Structure formats: structure tokens, C-alpha cells
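Student: The structure is given below, and queries will be raised subsequently.
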Amino acid sequence: MYGKFQAHLQKELEDIKQAGLYKEERLIEGAQQAAIQVKGNEVLNFCANNYLGLSNHPRLIQAAKDMMDRRGYGMSSVRFICGTQDVHKELEKAISDYFHTEDTILYAACFDANGGVFEPLLTADDAIISDALNHASIIDGVRLCKAKRYRYANADMEDLERQLQAAQEQRFRIIVTDGVFSMDGNVAPMDKICDLAEKYDALVMVDESHSAGVVGPTGHGVSEFFGTYGRVDIYTGTLGKAFGGAMGGFTTGRKEIIDMLRQRSRPYLFSNSVAPGIVGAALETFKILGESNALHDKLVENVNYFRDKMMAAGFDIKPTQSAICAVMLYDAKLSQDYARKMQEEGIYVTGFYYPVVPKDQARIRVQISAGHEREHLDKCIAAFIKVGKELGVLK
């Protein structure tokens, strides 16, 4: 049988290549940071989720080493059997304090958090109203649940209201949205979402993966930005972006919701506990963020500088309130050619195209970090302008 299946796969893969949609992995020969080694050359990294520049921070590395000395390398168990250490509970409390919530549950990744949140809480009698641009992990989590599905256009409150009206026949309703939409960089209007939730008697859930550490006066996320503490019922998020960049995810929110997830959430019940080293580094992250807002302040300054200079140069950039700047090119092959030429200029970026973004919406997603210095930003901007003129993007 495999011979026929192999031929089928080979044809599918060749079609992907011919369409200019084949994804290549480029090897980083060193640590994740602002300047990285690729094929023996140093390039500046503008496509990582390392928003606060913590991925290679010496305090996090030392904290991970210290925790492994104290609590070992791995847990070899799920949480409810013999996989819960005191430090897991300490980290859950730190996350709850950060988001002003009642309780938190840890997962191996936010993909698991989103995959494991709906099915334990909702049945076929209930409704999920989801933003059209929500992350794939939310979409997959919704698919695992029998609740009736409604979808509203991205951040469109009129459409959300229509879907809420249609969902009134269901028992319970939950509105689900990304805090920051990862491809465009826009922030969900949480105040308006909460207003509609209260009007139509719905719960609210937000994925903070790209917004926590970034959005808000001190980077505490969408509820700090919009003043919606106490109005959002569930937050999910990751330790793999702003909060150190390793592994691990979480769901934080109402006490009874978290308690039910501990009883029934399958990715929690059937996956190993988060490793002690990751827990130790994550705890150190929250200590650093509690000591000063300096990293977030630098991130905001970097984002504003980069965005303003790129727009002044004539680039088409999606409106952003986050650390994501989507430089629109619209053509899939052009996005790949642009990224390749940028790497030749010493700038590491990635072209995004269908199916990661809608057809004819290809772009280079630039992600700014507090780890970038002004000279890094200037070099990146200069490279964008040079390549843009070479490829006819700029006149």
C-alpha cells in the first residue's frame, strides 16, 4: 500500500513546491536572541516571538539550572498521579497574580490549553462564538467540542452581536478571541466584547499568547489595556513567547472553571507535567517583570520607531497595537523572494502565505523585541528599503 500512498504524497509535495508554498526550515546555530548565527553568518532576528528579549537572559538560564539541581530534570508523570511539585503550584500562583485571576492550570503548551478548554466545560446544548482569525489551536479545540459553533468577522462587533443573538437558544454561550491576532498584529476590542457578553449573557475567553507581556501600559495584556479585569472569565497563554520563550502553556481564570479543567481536561490529564527547569525559569521571568517595567518600555519604544520609519518609507503595514508589524506584499512567491534577499542583507525574516494567511494576503511578519537595539532596527529598515526597490515594492 505505501507505494501508492508515497506516490500520492510525492505529487502533493511537488504541487506545494510549484505553487511557491513549500516551507523550508532554516537552522539557527546558537542561542535565540537579537543576533543569531545562520549558516555560519550572523544575522539579525526579526521573526521570533521573543518580545521581551528574555529567551537567552542569563537570569533565566541560571534559574533553570538551579531548579534542576533542586527538583530534577523531568517529572515522568502527569499531574494527578505523581507529577505535581510545589514549584508547579508556585508558578500557577504567579500567573494568577499577573492576570488578576483566581486560579491557574499549567499545560505543556498553549496549543494544549486551547485544545483542552472547551470540551470539559460545554456540551451540545451550548454555543461557542469565535473570531474568524483565531489561532489554529482555538479552532482545533472548538472542533473537539460538541457545542454549536458560530463565527464572527475579525473584531467586527456588529457581526459578533448578530451571532450572539442567533445563539440565544443555547444554554450557555462563550465568546472566544485572540488578544492579539498573530498575523495582523491588531488587538481585539475587549471592552466592547465584554459589553456585548454582558448584554447577551455570555462568558468571555481570550488567548493572551501574543498580547501578554506586550499590550497594556505595563504589558499585562488586554485586560490592563482595556480595563476589563473581572469581566473576562478565561485567559489562555504561553510561556513560549514573551515569558521566556521556552515551553509551557496555561489557562487562568475563574476558580470553578480551573477546577473543572483539572478534573476533565484531557491534555492536562494525559500529558507529562511541565519540566522543573522550565518552571524555574518562568518563575524568574515573573520576578523580573515585577521588579521593573524597563523591558516593556523598551519594546514599546522599539515598535513605535520601527513602524513609523517603515511607513514613512512607503511600506504597506497593517494597523498594529502590538509588537507584530505585518509588511504586506500580497504575493506568496514575492514574500519568499523578499525574505531570502533580506537574509542576504543580514536580516532574518520569514514570508507568510496561504494557508497560514488568506490567499493573496502574503506578507513578511516583523516581530520587534526589547532585545533589539536602535542600530538593529536601523539596519533592518535599510535592508527592507534596499530589497523593496530591487523587487519593485518601492519606487
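Student: With unit charges on the beta carbons (Lys and Arg positive, Asp and Glu negative) and the dipole taken about the Cα centre of the range 2-49, which residue among LEU13, ASN41, GLY3 sits farthest to the positive side?
Tutor: Most positive-ward Cα: GLY3.
Student: Where in the range 252-274 is the amide nitrogen less than 16 Å from a point lying 7 Å along the Cα-to-Cβ axis of GLU90?
Tutor: 274
Student: May I ask you to list the lysines whose Cα is less than 18 Å away from that of LYS23, ignoring any residue fewer than eight positions away on the same chain?
Tutor: Output for LYS23: LYS11, LYS39, LYS333, LYS341, LYS359.
Student: Rounded, prolate or oblate: which one fits the range 142-215, using the alpha carbon gyration tensor with axes a ≥ b ≥ c (rounded when a/c is under 1.5, else prolate when a/b beats b/c, else oblate)?
Tutor: Verdict is prolate for the range 142-215.
Student: Pull out a ≥ b ≥ c, the square roots of the eigenvalues of the alpha-carbon gyration tensor of the range 1-142, then state rounded if a/c is under 1.5, prolate if not and a/b is larger than b/c, and oblate in the remaining case.
Tutor: Taking the square roots of the gyration eigenvalues as a ≥ b ≥ c, the range 1-142 is oblate.
Student: Which percent of the accessible area of the chain is formed by carbon and sulfur heavy atoms (probe 1.4 angstrom)?
Tutor: The C+S portion of the solvent-accessible surface of the chain is 51 percent.
Student: Across every pair of different alpha-carbon atoms, what Kirkwood hydrodynamic radius in Å does the chain reach?
Tutor: One decimal place: 22.1 Å for the Kirkwood radius.
Student: Sticking with this structure for a sec: Can you list the HN-Hα couplings for the range 247-255, worked out from phi with the Karplus curve (6.51, -1.76, 1.60; θ = phi - 60°), rounded to whole Hz and with x for Gly and Pro?
Tutor: Using θ = phi - 60°, the values come out as 10, x, x, 7, 10, 9, x, 5, 4 Hz.
Student: Given all pairs of different Cα atoms, what value in angstroms does the Kirkwood hydrodynamic radius of the range 236-337 take?
Tutor: 17.3 Å
Student: Between VAL78 and ALA153, what FRET efficiency follows from the Cβ-Cβ distance if R0 is 30 Å, with the result rounded to 0.05?
Tutor: 0.15
Student: Another question, if that's okay. Among 183-193, 230-240, how do they line up from the highest to the lowest mean number of other beta-carbon atoms within 10 Å?
Tutor: The peptides rank, most packed first, as 230-240, 183-193.
Student: Separate question: For the chain, what does -39500 (n - 2.57) per DSSP helix run (n ≥ 4), summed and divided by total residues, give at 222 nm, in deg cm²/dmol to the nearest 500?
Tutor: -13000 deg cm²/dmol
Student: Over the Cα atoms of the range 206-278, what Rg and Dmax result, in angstrom?
Tutor: When restricted to Cα atoms, the range 206-278 yields Rg and Dmax of 13.4, 38 Å.
Student: If each of LEU391 and ALA312 carries a label point 7 Å out from its Cα toward its Cβ, how far apart are those two points in nm?
Tutor: Reported label-point gap for LEU391 and ALA312 is 2.4 nm.
Student: Estimate the FRET efficiency between ASP195 and MET328 by the formula 1/(1 + (r/R0)^6), using the beta-carbon distance for r and 45 Å for R0, to the nearest 0.05.
Tutor: That gives a FRET efficiency of 0.90.
Student: Quote the charge dipole size of the range 297-395 about the Cα centre in Debye, to the nearest 20; the model charges only the Cβ of Lys and Arg (+1) and of Asp and Glu (-1).
Tutor: 220 debye
Student: Calculate the FRET efficiency for ASP15 and LYS255 from the Cβ-Cβ distance with a Förster distance of 30 Å, rounded to the nearest 0.05.
Tutor: 0.05
Student: So, one more: Direction-averaged shadow area of the convex hull around the Cα atoms of the range 85-237, nm²?
Tutor: With the hull built on Cα positions only, its mean projection is 8.5 nm².
Student: Moving to a separate point now. Sorting check: for 19-25, 91-97, which peptide has the highest mean count of neighbouring beta carbons within 10 Å, and how do the rest follow?
Tutor: Final packing ranking: 91-97, 19-25.
Student: What's the magnitude of the charge dipole for the range 1-108 around its Cα centre, counting Lys and Arg as +1 and Asp and Glu as -1 at the beta-carbon? Answer in Debye, nearest 20.
Tutor: In debye, rounded to 20, the range 1-108 gives about 280.
Student: Put a dot 7 Å past each Cα toward the Cβ at ASP297 and ARG340; how far apart are the dots in nm?
Tutor: 4.4 nm
Student: Let me ask another. Have a look at the DSSP beta bridges in the chain and tell me what percent are antiparallel, nearest 5.
Tutor: Of those bridges, close to 55 percent are antiparallel.
Student: Please report the equivalent ellipsoid semi-axes of the range 86-127, computed as sqrt(5 x eigenvalue) of the Cα gyration tensor, largest first, in whole Å.
Tutor: 24, 13, 8
Student: So, one more: Quick check for me: using +1 on Lys/Arg Cβ and -1 on Asp/Glu Cβ, what's the dipole size of the chain about its Cα centre, in debye to the nearest 20?
Tutor: Roughly 820 debye, rounded to the nearest 20.
The values are calculated or read from the model by the stated rules, or taken from the named source; none is laboratory data. Small disclaimer: the values here were computed from a predicted structure and weren't measured. When we count neighbours, we look across all protein chains shown, and the Cβ atoms used for this are built from the backbone with ideal geometry, even at glycine. Surface areas here come from the heavy atoms of the whole protein model, side chains and all, with no ligands, DNA or RNA. Shrake-Rupley method; radii C 1.70, N 1.55, O 1.52, S 1.80 Å.
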